[in-house]
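None of the figures in this text is laboratory data; all of them are computed from the coordinates on show. No experiment lies behind these values; they were computed from the predicted model shown. When we count neighbours, we look across all protein chains shown, and the Cβ atoms used for this are built from the backbone with ideal geometry, even at glycine.
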Amino acid sequence: MVKKDVDGLPVHVPLPGAVEGGVFGRDESGGLRPNRSQVHALTKEHVLEMVALLSHAACLERRAALGRDPRTGKRPRGTAGAKRMERLDNEASELTCRYQELLAAYAEGFGDMAADEIDRFVRSRVVGESCRYTERRLF
């Protein structure tokens, strides 16, 4: 079962097996079951980190596709510029990998369908975003 908060953030019910397995923590009586507000806070925190990772990776990938250094907006020159672009390409890959790790962690607690929905929610916030960092309201 999924409910959405007033801002459209999906708030899922934890999987029973994840609760029993201690994914959300343990105490002397076993696995902890987070309440709705705890799930909302956990989901929101997860989504904020995922948006940041995906936004940064997308920016690096767009700049690489254009052959531009994201820091300067100019084409890199010489060996040093080529090495810097290679490092930025590696950074984009690392960010994408971290994003997938966060998505897998969410799936562990809430299931694959819930993770797919969170992935769509995050991607809808990142599409068309400029590479310039701007603080904006996500929720």
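Net charge around residue 108, counting only other residues with Cβ within less than 13 Å of its Cβ (Lys, Arg = +1; Asp, Glu = -1)?
Details: positive: none; negative: 20, 101, 112.
Combined, the nearby Lys, Arg, Asp and Glu give -3.
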Share of Cα-Cα pairs in the range 2-126 beyond 21 Å, whole percent, is 49
Dipole check, the chain, charges on Cβ (K,R +1; D,E -1), about Cα centroid: among 40, 30, 124 the Cα furthest to the positive pole belongs to 124
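Going by C-beta contacts inside 10 Å, put 9, 66 in order with the fewest on the left. Please list the in-between numbers first.
On the way: 9 16, 66 11.
Ranked by crowding around the Cβ, least crowded first: 66, 9.
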Calc'd 3J(HN,Hα), the range 18-35, phi into Karplus 6.51 cos²θ - 1.76 cosθ + 1.60 (θ = phi - 60°), Hz, glycine/Pro = x, comes to 5, 5, 4, x, x, 4, 9, x, 9, 9, 4, 9, x, x, 8, 9, x, 7
Amide H neighbours of residue 11 at under 5 Å, excluding residues fewer than 5 places away on the same chain, with H built from the backbone geometry, are 3, 4, 5
